[in-house]
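FYI, it's all coordinate maths here, none of it is from the lab. Here the structure is a predicted model, which is why all the values come from computation and not from measurement. Here the Cβ is made from the backbone with ideal geometry for all residues, glycine too, and neighbour counts use every protein chain on show.
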Amino acid sequence: MYYVYILQSIKNRNLYIGFSNDLKRRFKEHNEGKSNYTKKFMPWKLLYYEAYLSRKDAMRRERQLKKHAKAWGQLKGRIKDSINKS
């Protein structure tokens, strides 16, 4: 399985979109500072994830969320309660 996930920084509420074939490992890496981009905003909490059977589908969805405001806006609307709980 491949996962597209959204993290939220507990430090400043920034959101981060990523994908991985091992969600638990990747989440741990983000919170251990092993990702250059996310280490400055640690700690992180997992807000949301989607599972895909193929790497290609997960990469397509990640790219869609990062590059297309409409797709990102629709997803933010669905998870807005999770975002606002911080």
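Observations, loosely collected:
- Verdict on L53 being crowded, with 16+ Cβ neighbours inside 10 Å and either in contact with a strand residue (DSSP E or B) (Cβ under 8 Å, 6 or more places away or on another chain) or among the acidic types (D, E) (or both): no
- Criterion violated by Y2 - all others in (1) free of Cβ contacts under 8 Å to residues at least 12 places away in the same chain; (2) touching an Asp or Glu at 6+ places or on another chain (Cβ under 8 Å); (3) not basic (K, R) satisfied: (1)
- Residues that are touching a Lys or Arg at 6+ places or on another chain (Cβ under 6 Å) and of a type in the set (S, T, Y) are absent from region 39-49.
- Checked against (1) more than 12 Å from the chain's Cα centre (by Cα); (2) acidic (D, E); (3) surrounded by 11 or more Cβ atoms within 10 Å (Cβ to Cβ), D81 passes all but a single condition, namely (3).
- Yes/no for N21 being touching a helix residue (DSSP H, G or I) at 6+ places or on another chain (Cβ under 8 Å), surrounded by 11 or more Cβ atoms within 10 Å (Cβ to Cβ) and not basic (K, R): yes
- Inside region 13-54, residues that are in a loop (DSSP other than H, G, I, E, B), under 12 Å from M1 (Cβ atoms) and aromatic (F, W, Y) make up a count of 0.
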